[in-house]
Each structure stands twice: as C-alpha cells, then as structure tokens.
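Notes follow the structure.
The values are calculated or read from the model by the stated rules, or taken from the named source; none is laboratory data. Not measured: the values here are computed from a predicted model. Please note: Cβ atoms are built from the backbone with ideal geometry, for glycine as well, and neighbour counts cover all protein chains shown. Remember, those area values only see protein heavy atoms, side chains included, never the ligands or the DNA or RNA. Shrake-Rupley method; radii C 1.70, N 1.55, O 1.52, S 1.80 Å.
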Amino acid sequence: MSAVVQSIDTSATDEREQTDGFNLIIDALKLNGLNTIYGVPGIPITDFGRMAQAAGIRVLSFRHEQAAGYAASIAGFLTKKPGVCLTVSAPGFLNGLTALAHATTNCFPMILISGSSEREIVDLQQGDYEEMDQLAIAKPLCKAAFRVLHAADIGIGLARAIRAAVSGRPGGVYLDLPAKLFGQVMDAEAGRKSLVKVIDAAPAQIPAPDAIKRALDVLRNAKRPLIILGKGAAYAQADDAIRSLVEKSGIPFLPMSMAKGLLPDTHPQCAGAARSTVLKDSDVVMLIGARLNWLLSHGKGKSWGDAPKKFIQIDIEPKEMDSNVEIVAPVVGDIGSCVAALLAGMGGWTAPPSEWTGAVAKKRDENVAKMAPRLMNNNSPMDYHGALGVLRTVIKERPDAILVNEGANTLDLARGIIDMYQPRKRIDVGTWGIMGIGMGYCIAAAIETGKPVLAVEGDSAFGFSGMEVETICRYSLPVCIVVFNNDGIYRGTDVNSAGSDPAPTVFVKGSRYDKMMEAFGGVGVNATSPDELRRAVNAAMDSGKPTLINAVLDPAAGSESGRIGNLNPQSKLKKK
Ligand code: ADP
Ligand code: TZD
Ligand code: MG
C-alpha cells in the first residue's frame, strides 16, 4: 500500500498527527463493537493489552489461553458477535487453537488474534523467538485465516475476520498480527479512513418459497411429527418466532443440550423426558439448527426405531443437507427468516393426531414421576440424583442464571435432571464433548450477561481449567462452582491390579477442591449432604461471591463414560 509509512519517524519533518498499529487495532475493534478481549499477555502483545484497557476495552487476563479461547467462543454464542481471544506467538497461539477449532466445530463466531514473530525469519526458518508459521497451522482448524502486514490494512483485515466469523454458518477465524505491525506508524487521518465499520455482518438468508412449501407439505401429512431444536436455534436469537412455530404447530419438541430453555423444559409440548420414545416412534422430524451427527445417532440405527422417517432440516449451511441421511425437505436460510416463512404459510393448520401427542405426554409424565423420588434423597455421601435434585431447584428459583456443565455422569445426569426455563442459559461441552470449557465459560457468561453463573463440574472436568478460579476471584465474578467430587473419572473406585500406582481413572481420595478457592480469597465450602449443598449454593447465588463447593459424592455412584459408554471400543480378548 502506497499510503503506508513503515516505522519511519517522520516527526521532525512532518507535523501531522500520526497513529500506529496498536491504536488502529484498538480503534478497529471498538468501531465494530468488539469491546471485550479474553487472553494472556506476553511478547508481542503486552503493551497492546494495556493500551486496549486504557482505551476502554474490557481486557480479561487469564491463566491459560485455552480457557481464554473457550471464553471467547461462548461469548460468540451468547452475543452473536465474534468473541475475541488474544494470545502471544507459537505456544500461546497453540494453546488458543484448541478453542478456535472448538468454536468452528460448534458453529460459534470467534476471532483468535495472535501476535507472531518476524515474517522474514519465520519463512527462512532461522529460529526466531517463538518461531512458527501460525497462519498455515490455523487454516485447517478454522473458517478463515488472515494475516495483516501493513497498518493501513488493519481495518480491512478485521472487517474480513468479522464477516467470516458471523456470516453464514458461524465459526472460528484466525487473525495473524506480526510483531512489527503493532509499531508501524502512519498518518492518523489516513488511518481513520482505512478503518471499516462492518455493515450487516450476518445478512439475512431468506429461504426459497418452494422449500418452505415442500417442508409444510411434509409436516402437514405427518402422523407423528417431532421438532428437534439445536444450539443453532438458540444461537439465532429468534426465540419468539420459534416459540410461536412450536405452539402453533402443536408438535412435540425435543431440545438438544444447549437448546434447552428455548422453550421451557416444563412446556406441555416438551418431549425431553420422552426422548427415546419420540426418536423411535416419530414419522417426520423437523430439525431446526441441529445436525444429525453422533449426538443424534446420525439419524439412523437402533435409537431411531423401525418406523420410516422423513427429515425436514432448517439450516444456514446448504452442505449440511443429506450429510447422514436423506433430507426430503431441506430449508436453507437463517433460522429467523425460515421460521417466519413457515409460520406465514401455516394458515388453517391442524394439530397433529392426539394419539401421538397424548402418548408422548404420557411417557414424559411417567418418566418424570419415576425420577421424582430419587431427586429428593438426602444420602451422605451424595449420589448424583440427590445432589442434582438440589441444583434443579436452585435453577427453578433463579431461571435467569447461567448453567455451565461438564463431566461425564455429571454432564449427562445434570442435562436430564436440571430443567431450563430461558434461552441460552445452558452452556456445556458441545459437539465434541470436550472437557475444559468450564471456567472459561463461567467467566464469559458472567462478563457478557451480567447474570449469576452456576457451574456443575465433574472433578476431572474441573481440573482442565481449575486454575482459572484465580481469574474468577480477581475479577470478583458472581460464579458458584459445584465440583461433583467422586474421586475420579466416571468413578473413584478403580484399582490397579498390577502395581502400586493408582489406576488411570482415579484421583487423590478425599480431595478438597474448595480450598483452591479459599487460596484466592473466594468462598470454599465442603458439602457432604444435599442439605449442606442447598445451603451453600443458595448462599453463593444470593451473595454473588466467587464460591467453590466441594460436593462429596459416592465414588461408586457413576457409570463408565456416563450415558455414552457404548462408544468405548472393547477388547475381544479375554481380560487377564
Ligand atoms: P446441536 O449440537 O445442538 O444439535 P449443532 O451444533 O449440531 O446443534 O447444529 C447447529 C446448526 O445450526 C449448524 O448446522 C449450523 O449451521 C446451524 N446454524 C447456526 N446458526 C444458524 C442460523 N442463524 N440460522 C440457521 N442455521 C444456523
Ligand atoms: N479430554 C478432553 C479434552 N475431553 C474429553 N472428553 C476427555 C478428555 C475424556 N473424558 C470424557 O469424555 S469425560 C471425562 C474425560 C476425561 C471426565 C469424566 O469425569 P468427571 O465426571 O469427574 O468430570 P464424572 O461425574 O466422574 O463422570
Ligand atoms: Mg468424577
């Protein structure tokens, strides 16, 4: 670019106001409403973090980039704006990369901005400080990757990153900023002009009228229809339209994990507690922002039963159609526009046969009634049901709190037991079933929404990001973490049959995770019964003080891999 004055001190000859890379990046972020950065400082971005903070950007400094990256990814999900994660070069970049891949896999908009080393030295592999070809490494793990070499291109670079992250199917974007860029100086007026305020970053994608008609025809002729809501539906923030569609149609709905609360789990049409029945017996399934991946057994096999199925799918990504089974009525567009178009075509709608809706409701009520007494037990040490019965009430009484959830048994059972009442209040391990999202999600949820956060964490899951309790204390965030401490992964009872090392799945028995919180000035509580747990969680949620409750669970209470033990490969050989 001819307008660029690269790192030349022109002050002696030129009185005009100047700007530089540092300031242009800050100005470009602010111009586009990106006012929060999650990251870890170091060369070459330490001063950038300070300057961004001084310029009014909220800079959340983490203990590890992976947690900062997860925070940015869920900030994207919660706000529909790309969450920004900032890291140093090579190792910091790599630590953030897991989260970037996670954002892409989960369709969350995120921008990973990493400082990088001298291009000339990296490209000749001459061994620079933290040398790495970061752009090449990021590419296969994100939707788009860009590098900015000239200060005058910062505006365009960020605009491209924002558009790539949020338009179409959202995902992760990598933005590579070499160290030299930050100090590059240019004329301030030209700098201002080079910035881009992105207009209509995620344009509406209107579905074709034919596609809407086709979908409604299939739905109208269904005897046993089902609507499945996925986290894409939660992301779309078309809450009222989705609720109207479900209620006008009279069709039972099944929320995927992070779509829980889009309509309350206690809604009369909710089939959450009759999941296996509706999957097996339905004849037409309309997917709204949910993929037929492993979480839905790829739309085929035993859990889908023998009844022939027709699938309608609403998704912004055309390539998603027919990914696992035939989609007889693909509806490609953004969920808000698609749902509005479906609603508009539903004149003279008749509800599905009452034999179907009645059978679903009956099954659901039976299952709920069967579960109820188990949730009221006061056993000590606790089992999952006793502890989760308490937390279920906590959320019922505070439906606007955000629930963060990870673990195996801790995840699967909490998902089934804790009812959600409002959209985007449950955030969890997502498409990969990833451990380590916990504390980053807590921090971003508190920062982005200002609501109280309750994290329900397996003891193993918590360990992946546990050091971030210091971050939670440092920023005084209203986060209550409940660690379901069963001494290990799935269970705490495994023994090593061949030596004195502990078995691979078990941890130090009787660990006191609550003391970690006390180390940083937060509140720590050891809870050994549901009554103690209830008191401690209520106190934490009411006070808003950073709190960690070590919930002592029976080490024998869990099962291998929670609800997905069937995915473990088994040795055909006899166990020695
Ligand atoms: P779940 O895990 O809850 O089943 P998935 O992550 O598998 O959900 O699916 C989410 C889907 O939603 C993705 O296929 C994505 O393309 C789609 N999606 C995301 N945002 C939108 C939107 N605004 N409009 C339409 N589809 C969307
Ligand atoms: N590493 C990562 C990043 N993600 C994973 N999902 C795993 C490892 C494997 N894994 C699971 O799938 S669940 C889990 C691991 C290690 C922990 C389960 O133990 P927990 O929960 O203590 O968190 P429960 O309640 O004891 O089952
Ligand atoms: Mg455990």
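Scanning the range 292-310 for residues that are open to solvent by 50 Å² or more (accessible area, probe 1.4 Å) and in contact with a strand residue (DSSP E or B) (Cβ under 9 Å, 6 or more places away or on another chain) turns up just one, Lys310. Can Ala387 be described as within 16 Å of ligand 1 (Cβ to nearest atom) and in contact (Cβ under 8 Å) with a residue 60 or more places away in the chain? Criteria not met by Ala387.
Within the range 447-476, being more than 16 Å from ligand 2 (Cβ to nearest atom) and open to solvent by 10 Å² or more (accessible area, probe 1.4 Å) holds for Ile447, Glu448, Thr449, Gly450, Lys451, Pro452, Glu470, Cys473, Arg474, Tyr475, Ser476. Asp383 - would you say it is at negative phi and more than 16 Å from ligand 3 (Cβ to nearest atom)? No, not satisfied. You will find that of Arg63, Arg58, the residue that is at pLDDT 95 or above and within 20 Å of the chain's Cα centre (by Cα) is Arg63 and no other.
Scanning the range 322-366 for residues that are within 11 Å of ligand 1 (Cβ to nearest atom) and either outside the structural domain of Gly289 (by TED's automatic domain parsing) or surrounded by fewer than 16 Cβ atoms within 10 Å (Cβ to Cβ) (or both) gives a single hit, Ser323. Can you find a residue that is of a type outside the set (D, E, K, R) and part of a loop (DSSP other than H, G, I, E, B) anywhere in the range 533-546? Yes, the conditions are met somewhere in the range 533-546.
Selection of the range 75-97 for residues being out of contact with any Leu (no Cβ under 9 Å at 6 or more places or on another chain) and within 16 Å of ligand 2 (Cβ to nearest atom) yields Leu94, Asn95. Total residues in the range 290-308 satisfying the condition of being under 24 Å from Pro318 (Cα atoms), in a loop (DSSP other than H, G, I, E, B) and touching a Lys or Arg at 6+ places or on another chain (Cβ under 9 Å): the figure is 3.
For the range 263-283, the criterion of being within 12 Å of ligand 1 (Cβ to nearest atom), open to solvent by 10 Å² or more (accessible area, probe 1.4 Å) and modelled with pLDDT of 95 or more is satisfied by no residue at all. For the range 477-509, what are the residues that are within 16 Å of ligand 2 (Cβ to nearest atom), assigned to a loop (DSSP other than H, G, I, E, B) and touching a residue at least 24 places away in the same chain (Cβ under 8 Å)? Passing the criteria: Asn486, Asp487, Ile489, Tyr490, Arg491, Gly492, Thr493, Phe507, Lys509. Tell me yes or no: at least one residue of the range 510-524 is in contact with a Phe, Trp or Tyr (Cβ under 8 Å, 6 or more places away or on another chain), closer than 25 Å to Tyr70 by Cα and not in a strand (DSSP E or B). Yes, the conditions are met somewhere in the range 510-524. Exactly one residue among Met439, Met420, Met376, Met382 is in contact with a His (Cβ under 9 Å, 6 or more places away or on another chain) and more than 11 Å from ligand 2 (Cβ to nearest atom), and that residue is Met376. Every condition in (1) closer than 17 Å to Val483 by Cα; (2) surrounded by fewer than 23 Cβ atoms within 10 Å (Cβ to Cβ); (3) acidic (Asp, Glu) holds for Glu406 except the one numbered (2).
Within the range 488-501, track down each residue that is open to solvent by 20 Å² or more (accessible area, probe 1.4 Å) and within 7 Å of ligand 3 (Cβ to nearest atom).
Listed by number, the residues that qualify are Ile489, Tyr490.
Give the residues of the range 96-137 that are closer than 20 Å to Asp428 by Cα and part of a helix (DSSP H, G or I), sorted by residue number. If the condition is that a residue be closer than 20 Å to Asp428 by Cα and part of a helix (DSSP H, G or I), then Gly96, Leu97, Thr98, Ala99, Leu100, Ala101, His102, Ala103, Thr104, Thr105, Asn106 are the ones that fit. When residues in the range 167-202 are screened for being open to solvent by 10 Å² or more (accessible area, probe 1.4 Å) and either in a helix (DSSP H, G or I) or among the hydroxyl-bearing types (Ser, Thr, Tyr) (or both), 9 of them pass. For the range 430-446, filtering for residues that are crowded, with 20+ Cβ neighbours inside 10 Å, within 16 Å of ligand 3 (Cβ to nearest atom) and of a type outside the set (A, V, I, L, M) leaves 2. Screening the range 144-172 for residues that are β-branched (Val, Ile, Thr) and touching a Leu at 6+ places or on another chain (Cβ under 7 Å) and picking the one that is nearest to Tyr129 (Cα to Cα) gives Val148.
If you filter the range 24-52 down to residues that are open to solvent by 60 Å² or more (accessible area, probe 1.4 Å) and of a type outside the set (A, V, I, L, M, F, W, C), you find that the one that is nearest to Ala75 (Cα to Cα) is Asn35.
List every residue pair whose Cβ atoms lie under 8 Å apart, where the two residues are 6 or more positions apart in sequence or sit on different chains, the first residue falls within the range 450-462 and is in a strand (DSSP E or B), and the second residue, located anywhere, is among the small types (Gly, Ala, Ser) and near ligand 2 (Cβ under 7 Å from one of its atoms). Listed by first residue and then by second, the contacts come to Val456/Gly407; Glu457/Gly407; Gly458/Gly407; Gly458/Ala408.
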